[in-house]
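Structure first, commentary second.
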Amino acid sequence: MRHVYGDDVVTSVEKAISNGKASGRAYNICQNEIVPLSDFLRMLAEMENAELRVRYVPRAVLENYELIPDCSPFSGSWMSMLDNQRSIHELGMSYTPMAEYLRRLIEYFGVKRNAGISGYRRRALELEIAGAR
């Protein structure tokens, strides 16, 4: 099985190499759908028939324990909303629909549960703060 991100990334590199106008240009390689983290988590839970359990903790508490951005495996110190229109128009890219992309994430992380995800490095402390223990 290819890495979860492999298909779109490999295709984009191949298309950029074969397109003479792509030299020296930057392209965002990302899904078309833009959803808030809460909707993303809800979708994942529904796909797994799991109960979504979210605990909202005041930012000041997270900062006090130096848990930002580590308190979410889907967050990082650099986060933004990417626009993939240049890659679509100039390279002819099309992207994996979110439902398929999420299915692949579930399969991948089901096999490699928590492996190498920096957002889980202080998970025990997060659960303690959230009162989930």
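The values are calculated or read from the model by the stated rules, or taken from the named source; none is laboratory data. A quick note: this is a predicted structure, and the numbers were derived from the prediction, not measured. In this analysis, Cβ positions are derived from the backbone assuming ideal geometry, glycine residues included, and neighbour counts consider all displayed protein chains. In case anyone asks, the SASA skips ligands and DNA or RNA and just uses the protein heavy atoms, side chains included. Shrake-Rupley method; radii C 1.70, N 1.55, O 1.52, S 1.80 Å.
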**OP:** Among residues belonging to the range 42-74 that are without any contact (Cβ under 8 Å) to a residue 24 or more places away in the chain and under 30 Å from S94 (Cα atoms), point out the one that is farthest from the chain's Cα centre (by Cα).
**Re:** N49
Original post:
Going by the conditions given, is V111 modelled with pLDDT of 80 or more, over 12 Å from the mean Cα position of the chain (by Cα) and loosely packed, with under 15 Cβ neighbours inside 10 Å?
Top reply: no
**OP:** Being assigned to a loop (DSSP other than H, G, I, E, B), open to solvent by 70 Å² or more (accessible area, probe 1.4 Å) and either among the aliphatic types (A, V, I, L, M) or over 12 Å from E126 (Cβ atoms) (or both) is the filter here, so list the residues in the range 56-75 that pass it.
**Re:** Y56, P58, F74
Original post:
For the range 34-55, does any single residue satisfy the condition of being outside any helix (DSSP H, G or I) and open to solvent by less than 50 Å² (accessible area, probe 1.4 Å)?
Top reply: no
